[in-house]
């Protein structure tokens, strides 16, 4: 069974937002995702001027028109040029290698839970080489490194994703 995961990445800060998950990404679904993305107070594309996307037919005119009404200009990347979409390609590779290829999923609910948990890990606990090997959005400030501090481990997805910190 195939599921489609629509995500958005802010290239500058590498924040990934989940647009939605579905088995049938028709024009009606894509239009609703575009409405959600451009909602005035809660839309994750608020303040964004451009949306780069590939030339997949799923990015239909209803999707592009809804985003344009929200002030976001859709710009398709040239055909057969994955290097122009490198951040998205890298995120897909990361979630597949670090998470999805190691799990057996049973339907949309488990896929949604796994993707949500991975996004939290990606934003708060995973170091990013392209950003100076730092965390993107740490939940707390790093404590002073000491010799006798205990190490804590935070696990997600049954221990598949782990994050180690020093106890205060």
| task | May I ask you to list the residues in the stretch 30-52 that are in contact with a strand residue (DSSP E or B) (Cβ under 6 Å, 6 or more places away or on another chain) and under 19 Å from residue 76 (Cβ atoms)? | result | 33, 50, 51, 52
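Please determine whether any residue of the stretch 72-93 is part of a loop (DSSP other than H, G, I, E, B), in contact (Cβ under 8 Å) with a residue 60 or more places away in the chain and surrounded by 12 or more Cβ atoms within 10 Å (Cβ to Cβ). Don't jump to the end; show me each part of the working.
Our first condition is that a residue be part of a loop (DSSP other than H, G, I, E, B); within the stretch 72-93, this holds for 72, 77-81.
So of that shortlist, the ones also in contact (Cβ under 8 Å) with a residue 60 or more places away in the chain come out as none.
No, that holds for no residue.
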| Out of 135, 161, 111, sole residue that is more than 19 Å from residue 44 (Cβ to Cβ), modelled with pLDDT of 95 or more, surrounded by 14 or more Cβ atoms within 10 Å (Cβ to Cβ) and touching a strand residue (DSSP E or B) at 6+ places or on another chain (Cβ under 9 Å) | 111
| task | Report yes if some residue within the stretch 54-65 is closer than 17 Å to residue 15 by Cβ and either touching a helix residue (DSSP H, G or I) at 6+ places or on another chain (Cβ under 6 Å) or part of a helix (DSSP H, G or I) (or both); otherwise report no. | result | no
| field | All positions within the stretch 22-51 that are under 29 Å from residue 134 (Cβ atoms) and crowded, with 16+ Cβ neighbours inside 10 Å | value | 37, 43, 44, 45, 48, 51
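The values are calculated or read from the model by the stated rules, or taken from the named source; none is laboratory data. Computed from a predicted model, the values in this text were never measured in an experiment. Glycine also receives a Cβ, built like all others from the backbone with ideal geometry; neighbour counts cover every protein chain displayed.
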